[in-house]
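Rule-based calculations on the coordinates, nothing more; no lab input. Note that the structure is a prediction, hence the values are computed from the model and not measured. Note: ideal-geometry Cβ built from the backbone for every residue, glycine included; neighbour counts use all protein chains shown.
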Amino acid sequence: MAAASQTVVLDNGGSTIKAGIVRTDLGVDDEVRLIPNAVVRSKGDKATFVGHEIGRCKDYTTLHYRLPFEKGYLVDWDAQKAIWDGLFSSEVLSVNASESSLLITEPYFNLPNIQDIYDQFVFEEYEFLSYHRCTPAAMIPYGQLFAVEGLQLPECSLIVDSGFSFTHVVPIINNQIQWHAVKRLDVGGKLLTNQLKEVISYRQWNMMDETYIVNHVKESCCYVSTNFFADLETCRLKAKKSEIAQEYILPNYVTNTGGAVREPGHELAPTDQVLVMENERFTIPELLFRPDDIGLEQSGLSSMIAASISLLPEDLQGMFWANIGLIGGNTIFPGFHERLMSELRSLAPVEYDIQIYRSKDAITEAYRSSLEFVRSADFATHFVTRAEYLESGSHAIRRKFGHWQSGNSNKSGERVMKSSSSADVVPQLSKKPSRSRIRTAPSTSSRRR
Amino acid sequence: MPPHKKAREQATRQVNVAKQVLDPEVLTKRTKRHLEELERTNYSASVTLNDPDSEPESSTNPKSKFRARQMVISDKRTFGNSKPKKKSSMNVRTAVLYRKGLAALVDESGISTLPSTVPSYLTATAPPSPYPARLLCSVCGYKGAYKCKKCAMPYCDMNCGQVHDETRCERRVI
């Protein structure tokens, strides 16, 4: 059986697909391609764009989206197939599936019936030679997110994956996800954009149909405030003259094509329409930390991290607090990291050290870690070949991939690790035996990778 | 002794007139509806009927099986693929034609019948917040100190209260 000469890495996300090819024989990777995972119809251009074709769209107003993902899970296979066909064709990646292997990501707690359809598409429709299906967080330990000069990669880590559809907190021990402690918050980029649309439509211009534009507004203007009520007071007292208020010039695709934040001193043309962003700038991302602002009865991100860690073995909890990694588009909001640190500091026991690792590019972090995974020795043991699928079916594949249905985490794995960890990974172990020890380093620090 | 004059009629106090009790169930329904709206992909249902792509996402459409042929968009593009397309397998064709919503898929997967020790999509939800919710004015976004008597939406001061009454007070909350 021919071994695959290249591996296609597909980080299949709710809003963007991150895709590329690893050529194992050449040793050179292609650049990652970011493709919107949607079929978009533009009323202005009167055309439909599938996935990567969005680059040809001239008029971004009133775009109608058809997303294959619903609430984070792949339900619309018709649209997904169309997008993947375009992705694998000569217009984007030029993949010859029958000679390639595939690595594809799936959401956390993916439903077994949906997993079956993934298998069917990969092996029956596209006929890849072999494939591996996993969650984005499972790839992170192989990547560079936690890499620090001179220290080993941590064995226990906590990944915060905040994406388009929802936010998950995923603890990992020894490259195994601890499923019983994985928690989900139903606030994602989509909800934030829709909330922003509602607020703007009530207070200023009706933008309920302008998903693309409001998404851009959110990404350019919004930030996470560390001091919510203080910022709210500033906006109240000073209104438009406060440092917080920003004006966003809306694109009209006739004179100016791109929407942008207004620079101070920039002259407005008489036909320009302007959005004033004041407290919307920070009340929207605030929903990640306080979803009860809109009535969603779930705890915010920090409480969820604390709840997740409390479900893990007590002697390892300190290691999790010290190795928190952030991936996903929502973590790019300015101020996200500082706010999370300040909230976690009050939730964690005083003697534990808290370290939050950020990535150079949170959106492609899972993709880049997958590249390392494919090149590592582990990959060879993890993938499933087409022959195995045709013989044993989806059930066998699920067993091989290590799915969440297998029950509780490996308690035995934790015992084994405890005995070995005390010898080597001391720098990362941060539970202090006594409080009277004088600390020379600051107790909370963050590393930017 | 002259008969007691009838006590002077007074109109009932305004405070007592408008004392409708807003059912908390109604409130939760309204919040739930709002949250579901926030999860929608497109705000308005699409306009043109000619374009089969524009079918709104409804798997309960009774005619969907009948018109399934027309709704498959993945056949519409060939992307420069010169070799003739072979027929897809049965599984793939079924998956492509019959689109189910997430709720239907969750029901089908049977994860609600799993024993409570097995974690699943349903058990992984974040626990409810330990802190009480803080009210923000529905009009301007500042701290919402007062709530509308009729529809229980918070507002911060009289100006915002007036704006709320004029624009979106739901006098009869559905």
Treat each spin label as a single point 7 Å out from the Cα along the C-beta direction, and report the A:A260 to B:Y146 distance in nm.
4.5 nm
What distance in nm separates the simple spin-label points at A:S310 and B:D23, each placed 7 Å from Cα in the Cβ direction?
3.5 nm
Average silhouette area of chain A, convex hull of alpha-carbon atoms, in square nanometres
24.5 nm²
Qualifying GluC sites (Glu not before Pro) for segment A:305-374 [loop in DSSP, other Cβ within 10 Å: at most 16]
A:E351
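Loop only by DSSP, 16 or fewer other Cβ within 10 Å of the Cβ. Give me the GluC sites (Glu not before Pro) in segment A:204-311 that pass, ordered by residue number.
Numbers: sites: A:E210, A:E219, A:E233, A:E243, A:E247, A:E267, A:E278, A:E280, A:E286, A:E297; in loops: A:E210, A:E243, A:E267, A:E278, A:E297.
Those that pass, being in a loop and sparsely packed, are A:E243, A:E267, A:E297.
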Most mobile of A:L153, A:L288, A:L301 in a GNM of chain A (Cα contacts under 10 Å):
A:L153
Out of A:D353, A:D11, A:D59, any idea which swings most in a Gaussian network model of chain A, alpha carbons joined below 10 Å?
A:D59
Report the GluC sites (Glu not before Pro) located in segment A:18-98 that are in a DSSP loop and have at most 10 other Cβ atoms inside 10 Å of their Cβ, or state none.
A:E31
Hey, in the GNM for chain A with a 10 angstrom Cα cutoff, which one of A:T48, A:T271, A:T381 fluctuates hardest?
A:T271
To the nearest 0.05, what FRET efficiency results for B:A11 and A:L347 with a Förster distance of 41 Å applied to their C-beta separation?
0.15
With label points set 7 Å from each Cα along the Cα-to-Cβ direction at B:S89 and A:Q176, the distance between them in nm comes to 3.1 nm
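A 24 angstrom limit on the alpha carbon distance is what I want to check against. Which of A:K238/B:K32; B:K29/B:K147; A:K190/B:K29 exceed it?
Values: A:K238/B:K32 35 Å; B:K29/B:K147 18 Å; A:K190/B:K29 22 Å.
From A:K238/B:K32; B:K29/B:K147; A:K190/B:K29, over 24 Å: A:K238/B:K32.
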